[in-house]
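Here's the structure we're looking at; comments come further down.
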Number of protein chains: 2
Amino acid sequence: MQTLTIGKVAKQAGVGIDTVRFYEREGLLPEARRAESGYRLYSLDDVDRLRFIRRAKTLGFSLEEIAELLRLNAAEGSRSDVKHLAQRRLADLDRKLGELTAIRDALATLVRRCSGQGSLKGCPIIEGVLAQDTPSYREH
Amino acid sequence: MQTLTIGKVAKQAGVGIDTVRFYEREGLLPEARRAESGYRLYSLDDVDRLRFIRRAKTLGFSLEEIAELLRLNAAEGSRSDVKHLAQRRLADLDRKLGELTAIRDALATLVRRCSGQGSLKGCPIIEGVLAQDTPSYREH
DNA sequence: TTTGACTCTGCACTATGGTGCAGGGTGGAG
DNA sequence: CTCCACCCTGCACCATAGTGCAGAGTCAAA
């Protein structure tokens, strides 16, 4: 089995050296084996693990959730655990997409209304931001 | 003109007291007038300004961008400046929406494929994360 | 006058996901 | 043997948008 130093494992996985140490500190990677010199030693499995982390991150999982996924994997967790986690993530994404879309549409409307000419007095974008409904802060 | 202390202006605008001081430090609010006691004094214009910030934030503008918007406003900027800023924001939103949608679809596909039953060996979600294309990190 | 609510400054801390650096030790090529 | 690249630890710091707190001073009602 190939043994890699931290620089190699980081390069193979496409992350920074400090990131590898950071993941170890955060419990996303097990504590590395050490050479007599104190150098951390890695295997190709660790490259896979790092890549898993990288890819899960691009799917929007937080490091916390990735740690959970990795624990499930190590503990021979069940498919239903993983599916639940993924479904929660999916629901988060859908909620966030809904919010962002609403914001986008509101902003697009303002931009469409603004001629882009003249001074700021009466500019639909500025006025639009000013004119939004404000829930219940005028009371007291 | 009504004079408000920081607690009142914060409550009227629907933000925290510390947030008001924070915005002053960050240049989003001008330095407040002071009473002899040293208390900050505000007007209803400041309430409007704070609300403007709050609302712009819900549209996804960063504090930095809001500061720019407020500077434009103060400097009698032109409508085209504001429109450009808003269009940039809109383009950001569209890009982000595209990315999130792609991620959502990828995750939804994995979730659909996973029966939610059995051990993790061969779980489509875990495998799916493992199997994503990795751009050009194997080289070197 | 006393009490309680409010405000002041300055500083530390939160979460997230790392990055950078100082001051050392190690490994291998020339 | 020297040189450089690499690695170690521990710590501070980045952005973002605030929040919290200590210790002191102020304001207003009872």
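Could you look through the stretch A:33-85, keep only residues that are within 19 Å of A:Ala13 (Cα to Cα), within 11 Å of DNA strand C (Cβ to nearest atom) and among the hydroxyl-bearing types (Ser, Thr, Tyr), and pick out the one that is modelled with the lowest pLDDT? Checking each candidate, the answer is A:Thr58. All conditions in (1) near DNA strand C (Cβ under 10 Å from one of its atoms); (2) assigned to a loop (DSSP other than H, G, I, E, B) hold for A:Pro30, with the sole exception of (1).
Residue check, B:Thr101 against (1) within 16 Å of A:Ile103 (Cα to Cα); (2) at pLDDT below 85; (3) open to solvent by 20 Å² or more (accessible area, probe 1.4 Å); (4) facing another protein chain (nearest Cβ under 7 Å), all met but one. Which one? The failed condition is (2). Determine if the stretch B:6-17 includes at least one residue that is closer than 28 Å to A:Ala102 by Cα, open to solvent by 80 Å² or more (accessible area, probe 1.4 Å) and within 14 Å of DNA strand C (Cβ to nearest atom). Looking through the stretch B:6-17, at least one residue is closer than 28 Å to A:Ala102 by Cα, open to solvent by 80 Å² or more (accessible area, probe 1.4 Å) and within 14 Å of DNA strand C (Cβ to nearest atom). Taken over the stretch B:1-26, the criterion of being away from DNA strand D (no atom under 12 Å from the Cβ) and either under 21 Å from the mean Cα position of the chain (by Cα) or part of a helix (DSSP H, G or I) (or both) is satisfied by B:Val9, B:Lys11, B:Gln12. Collect the residues in the stretch A:86-98 that are open to solvent by 10 Å² or more (accessible area, probe 1.4 Å), over 25 Å from A:Phe22 (Cα atoms) and at pLDDT below 85, keeping them in residue-number order. Residues satisfying the conditions are A:Asp92, A:Lys96. Assess whether A:Ala106 counts as being more than 9 Å from chain B (Cβ to nearest Cβ), open to solvent by 40 Å² or more (accessible area, probe 1.4 Å) and of a type in the set (A, V, I, L, M). Taking the combined requirement at face value, the residue does not satisfy it.
The values are calculated or read from the model by the stated rules, or taken from the named source; none is laboratory data. Remember, predicted model here, so these are calculated numbers, not experimental data. All Cβ positions, glycine included, derive from the backbone under ideal geometry; neighbour counts span all protein chains shown. Accessible surface is based on the protein model in full, side chains and every heavy atom, while ligands, DNA and RNA are left aside. Shrake-Rupley method; radii C 1.70, N 1.55, O 1.52, S 1.80 Å.
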